[in-house]
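Take this structure first; my questions come after.
Please treat every number below as a calculation from the coordinates, not as lab data. The structure presented is a predicted model; accordingly, all values stated were derived computationally and were not measured. For neighbour counting, all protein chains shown are included, and Cβ atoms are generated from backbone atoms with ideal geometry for every residue, glycine included.
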Amino acid sequence: MDTFKIITEAHKGFAYLILLAGIIFIVALLVTMFGYSGKISKLLRKSTLFTMILFHVQLIVGIFMLVFSPGLKGALETGTLMSNAASRFSYVEHPVSMLIGVVLMTIINKYMKTNETLAMKIVIMGVIAVALFAYAFPWMRVFPSLFA
């Protein structure tokens, strides 16, 4: 098995974990937001931490995948990186969206560590981070049977 295949499978495996962690994070965030006191619960703190850790690991694996990608090298050599929609999504939009999502999750985690109550700006940042992840997630590649 070559290096790129191993990295690709690791990237795909972490995607499933991030889906689960993201759902738990959003549910905990909304429960805290609509809760009576607005105090940050232990579940929200832990789900934020685990989601952030998984986002960071996924980013590192994704960067390795980008570096070893034969498709990126081919798109750069032929000059079709930005003109081909599939290449643009895979090698530009996906990594940039995920990077922004990782930065937002890091800011949210720092806020959760230092504050006792939830602010609306953090809820908005959390929703944006998960929305960016959902936008950049290659749904057809991970769940091909749903889109057949």
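Report the FRET efficiency, 1/(1 + (r/R0)^6), for LYS5 and ILE107, where r is their Cβ-Cβ distance and R0 is 35 Å, rounded to 0.05.
0.55
Name the lysines eligible as straight-distance cross-link partners of LYS5: C-alpha to C-alpha under 23 Å, and not fewer than 8 places from it in the same chain.
Those lysines meeting the cut-off are LYS73.
Give me the extension gain from PHE143 to LEU19: residue separation times 0.36 nm, minus the current Cα-Cα distance, reported in nm with one decimal.
Once the chain is fully extended between PHE143 and LEU19, it gains 43.4 nm.
Before rounding to the nearest 500, sum -39500 (n - 2.57) across all DSSP H runs of length at least 4 in the chain and divide by the residue total; then give [θ] at 222 nm in deg cm²/dmol.
Computed ellipticity for the chain at 222 nm equals -25500 deg cm²/dmol.
Still on this structure, I have one more. Can you tell me the convex hull volume per residue for the chain, based on C-alpha atoms, in Å³ to the nearest whole number?
Convex hull of Cα atoms, per residue: 121 Å³.
Taking the Cα centre of the chain as origin and charging only Cβ (+1 Lys, Arg; -1 Asp, Glu), how large is the dipole, in debye to the nearest 20?
For this selection, approximately 460 debye.
Are there chymotrypsin sites (Phe, Trp or Tyr not before Pro) in segment 1-46 that DSSP marks as loop and that have at most 13 other Cβ atoms within 10 Å, and which are they?
TYR36
Another one. Distances longer than 21 Å among the Cα atoms of segment 6-80: what percent of all pairs is that?
It works out to 46 percent of all Cα pairs.
So, in nm, how far is label GLU77 from label ILE100 when the simple model puts each one 7 Å beyond its Cα toward the Cβ?
3.2
Treat each spin label as a single point 7 Å out from the Cα along the C-beta direction, and report the LYS12 to ILE63 distance in nm.
Going by the 7 Å Cα→Cβ label model, 2.4 nm.
Kindly express, to the nearest 10 degrees and within the range 0 to 90, the angle between helix 42-68's C-alpha long axis and the longest C-alpha principal axis of the chain.
Once rounded, the angle reads 10 degrees.
For the ranges 62-74, 94-106, 117-129, 78-90, what's the packing order if you count other beta-carbon atoms within 10 Å of each residue, average per peptide, and put the highest first?
94-106, 117-129, 62-74, 78-90
Run the numbers on the chain and let me know its relative contact order in percent, using alpha-carbon pairs under 8 Å that are six or more apart.
29
Exceeding 19 Å between C-alpha atoms, which entries from my cross-link table qualify? They are LYS39/LYS110; LYS12/LYS113; LYS12/LYS42; LYS12/LYS121.
From the list (LYS39/LYS110; LYS12/LYS113; LYS12/LYS42; LYS12/LYS121), the Cα-Cα distance tops 19 Å for LYS12/LYS113; LYS12/LYS42; LYS12/LYS121.
Then there's this: Between 0 and 90 degrees, rounded to the nearest ten: what's the tilt of helix 3-34 against the longest Cα principal axis of the chain?
Taking Cα atoms only, the helix is inclined about 20 degrees.
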